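Notes follow the structure.
The values are calculated or read from the model by the stated rules, or taken from the named source; none is laboratory data. These figures come from a predicted structure and were not determined experimentally. Don't worry about glycine lacking a Cβ; one is built from the backbone with ideal geometry, like all the others, and counts go over all protein chains shown. Surface accessibility is based on the protein's heavy atoms, side chains included, excluding ligands, DNA and RNA. Shrake-Rupley method; radii C 1.70, N 1.55, O 1.52, S 1.80 Å.
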Amino acid sequence: MRSGVLNAAELRLGNMKSILFTFLLAIPTYTAFNNTASPFTPGTAHTLKISEASAATKWTAAELERANTAKNVKYLSAEEKKIIFYMNLVRMDGKRFFDTYFQQYIDEHNLKMKQYSNYREVRVSRNDPYYRGLEQDLKDVKDLGLLYPDETLTYVAQQHGKDMNKRNLAGHNSSDGRTMVDRIKKYYPNHGMAENLAFGFSSGLANVSLLLLDKGVPDLGHRKNILNKTLGINIVGVSIQPHPHFKYSATIDFVAIRNLKIPQ
């Protein structure tokens, strides 16, 4: 999806103007912030039904801290860290994430879309089948394994994001013809792996929420990647890069590491 800086005619939800890519590969060998209740500084909380501050109050400080596995890394930006943070929250408790941070995103997105004449088309409706489907899917998501940042995998994601920016690409294949599998297996051969790409947003919450909503994607591949529990994915590389056509791209690469030593 393109960001709100574009004109209303270019904003579409549920078609190819809303570009989200997914690729999932299962290799046969493998069947926080500080200790406060609000990990981020609220912005326009007074204008929203569900603000960041109120969303955070539905989680304990310990839960927010646990989800924030990227808090100490130096190679990720604040928004890239938030991508991992929010993916961990939804894997910890899908229903609670849907009722808190996802609602915050819907309110923020719809508020921004009110400036466009086709607001009813570009807003996220709570009656939409994809919205209702996500609500149903997240009801039973509980205590999935956490995702931990990985510097090597982040390098892979960064290089792909930079390549897409330089060559004005939007897909899983690199300009030299390499696939996602080619890029990742160079560093992590014989592992389960997956990749999500999203376009148009620099916000961690927006990227995660849109990938979960997966509007216009029949197989819900992005949602399935984030909530995957069969590959054993546990490390992730994240990169938000500028993009000449969509303004931003977000590349999220996942890998399953057997017997991962949990970073301290």
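Quick grid of which residues meet (1) farther than 18 Å from residue 233 by Cβ; (2) part of a helix (DSSP H, G or I); (3) not basic (Lys, Arg):
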site: 146; (1), (2), (3): no, no, yes
site: 171; (1), (2), (3): yes, no, yes
site: 176; (1), (2), (3): yes, no, yes
site: 182; (1), (2), (3): yes, yes, yes
site: 190; (1), (2), (3): no, no, yes
Problem set entry | Residue within region 11-26 that is in a helix (DSSP H, G or I), farther than 22 Å from residue 238 by Cβ, at pLDDT below 50 and open to solvent by 40 Å² or more (accessible area, probe 1.4 Å) present | no
Seminar exercise, completed: Looking across region 98-140 at residues that are closer than 25 Å to residue 235 by Cβ and open to solvent by 20 Å² or more (accessible area, probe 1.4 Å), the single one that is modelled with the lowest pLDDT is 140
Problem set entry | Total residues in region 233-246, condition at pLDDT 95 or above and touching a Gly at 6+ places or on another chain (Cβ under 9 Å) | 8
Exercise. So, in region 145-168, of the ones that are touching a His at 6+ places or on another chain (Cβ under 9 Å) and closer than 14 Å to residue 251 by Cα, which residue ends up surrounded by the most Cβ atoms within 10 Å (Cβ to Cβ)?
Worked result: 160
Exercise. For region 214-242, what are the residues that are assigned to a strand (DSSP E or B), open to solvent by less than 10 Å² (accessible area, probe 1.4 Å) and out of contact with any Asp or Glu (no Cβ under 6 Å at 6 or more places or on another chain)?
Worked result: 236, 239
